[in-house]
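I have placed the structure first, in the form of structure tokens, so that the comments after it can refer back to it.
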Amino acid sequence: MSTQVHANLTEEQVREISGNLDEPDWLLETRLEALEALETIDMPDVIRTPGRDWTNLHELDFETLVDPLNWAETKDQVGPDDVEVLPWGEAVAEHEELLKEHFGSIVDPQENYLTALSTALFSTGTVIYVPEGVDAEDVTIRTEMNSRSLFNYTLVVTEESSSVTILERQSTGSDAVDGEKYYSGIVEVIAGENSNVQYGSLQNLSEDSYSFSCKRGDADTYATIDWIEGNIGTQLTKSEVSTELNGDGSETQIVGAFFGHDEQHFDLDVKVWHRAEHTTADLVTRGVADDTARSVYQGVQDVGKDAWDTSSYQRENTLMLSDESEADASPKLIINNHDTEASHSATVGQIDQEDLLYMTSRGVSPRLARNMLVEGFFVPVMEEIAVDEFREDLEELIQQRLRG
């Protein structure tokens, strides 16, 4: 089943977006090819069981949600002096060869309908370039969305023996338009030999929004890419976070946390591809579903035939606070090399009633006892987050949700 391109999206709009950014012909051509592909390619894969898609992306009314020329945002892009943190337009002018080499090299612009839509229409973005041997912290990208739709692209390139810590936040601004909104973000991270990237993303968009994000990294020899993914906002989030371990001795950790309430829906896709020798991966996700919220989790560890001496671990835990909430998990191991140490697990459960009874019998109110148990449930994930500012921001958002 393909999704037809909506009537209000035209080649002229794509040319105008590209022209406003003064992009070269090759980039315009990439956009136009992505636009044309919308006629034939399908939505991202979702978990399917007979008679049911666990997330139905075909029901989204893109003709209403997407207004490609009337985009508005407030964006801060900050980094230390020895790292280049550039808005997309400046990066096009100053680093065209870098963009030509890496843009679309990990996330295929025509991988699915939503990546193609984002490639055709993205009008804002950030390029982070870390030169060889530079150790950088405190790179921050804050995006406040103030329009019906916003398409964002981020490229991170680290040279040999460099490191960078990046904290990205998405929220809805005070000047946002009323009604339903759509946010799309694609992130590509190219980690050079022996480099280290920590990328934290905290999504707290308003709950009348839909969000699609695809964050993917390519780790070279002895490189490390660590992702931290927090999802609190939107009414529907479709998110992929993944790493390709293409260099010998490369490593990745993917830490995720989410908290859904009311009718929120989180579809979370976590993947690692082991393609080289002596690679290591650790995937850790914890989430809470309250009211009639729904979570869908798919985790894949793919070990290639040449990935000798692989270590790969995955665990996902969901805590359900109401009888009406739903949670589904599908962890998978695909192993094509016998020299592999790997495991995966997923659990879904409710608050332990004995713990709750013990706390209330000691004078703690039922509401406070529940909140304390929820905060305790998130502790194993919080302990994995090395970026203090991200951990503190996420803890505050969880506490706000519990107080609410």
Connecting every pair of Cα atoms under 10 Å apart in the chain and solving the GNM, the largest mean-square fluctuation among Asn196, Asn56, Asn112 falls on Asn56
Starting from the amide H of Glu111, placed 1.01 Å from N in the peptide plane, find each other amide H under 5 Å away whose residue is 5 or more places distant or on another chain. Ala116
Mean separation of Cα pairs under 8 Å and 6+ residues apart, divided by the residue count of the stretch 244-370: what relative contact order is that in percent? 22
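Taking only C-alpha pairs under 8 Å that are 6+ residues apart, what is the relative contact order of the stretch 120-166 in percent? Spell out each step's value before the answer.
Details: 69 pairs, mean separation 27.5, N = 47.
Relative contact order, the stretch 120-166: 59 percent.
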In nm, give the distance between the simple-model label positions of Glu341 and Asp76, each being 7 Å from the Cα along the Cα-to-Cβ direction. 4.3
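Could you work out [θ]222 nm for the chain from helices alone, using -39500 (n - 2.57) per DSSP H run of at least four and dividing by all its residues? Round to the nearest 500 deg cm²/dmol.
Values: 9 runs with 92 residues, N = 404.
Theoretical 222 nm ellipticity from helices: -6500 deg cm²/dmol.
Rounded to the nearest 0.05, what FRET efficiency do Asp352 and Asp108 give with R0 = 41 Å and r taken as the Cβ-Cβ distance? Could you check?
Details: r = 44 Å, r/R0 = 1.08.
With a Förster radius of 41 Å, E is 0.40.
Provide the packing ranking of 142-150, 338-346, 166-174, i.e. peptides ordered by the mean count of other C-beta atoms within 10 Å per residue, highest first. Write out the running numbers ahead of the final one.
Numbers: 142-150: 21.8, 338-346: 13.7, 166-174: 19.9.
Going by the mean number of other Cβ atoms within 10 Å, highest first, we get 142-150, 166-174, 338-346.
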For the chain, modelled as a Gaussian network with Cα springs under 10 Å, which listed residue fluctuates most, Gly133, Gly287, Gly217? Gly133
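Would you mind putting 14-25, 299-310, 275-286, 354-365 in packing order, based on average other-beta-carbon counts within 10 Å, highest first? Show your work: numbers first, answer last.
Values: 14-25: 15.2, 299-310: 19.4, 275-286: 21.9, 354-365: 12.0.
Taking the mean over residues of other Cβ atoms within 10 Å, the ranking is 275-286, 299-310, 14-25, 354-365.
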Compactness relative to 2.2 N^0.38 Å, alpha carbon Rg of the chain: 0.97
For the stretch 325-404 and the stretch 175-246, distance of Cα centres in Å: 21
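Considering only DSSP beta bridges with both partners in the chain, what is the antiparallel share in %, to the nearest 5?
Taking every DSSP beta bridge with both residues in the chain, the antiparallel ones total about 10 percent.
None of the figures in this text is laboratory data; all of them are computed from the coordinates on show. These numbers were taken from a predicted model, which means no experiment stands behind them. So basically every Cβ, Gly included, is an ideal-geometry build from the backbone, and we count neighbours across all protein chains shown.
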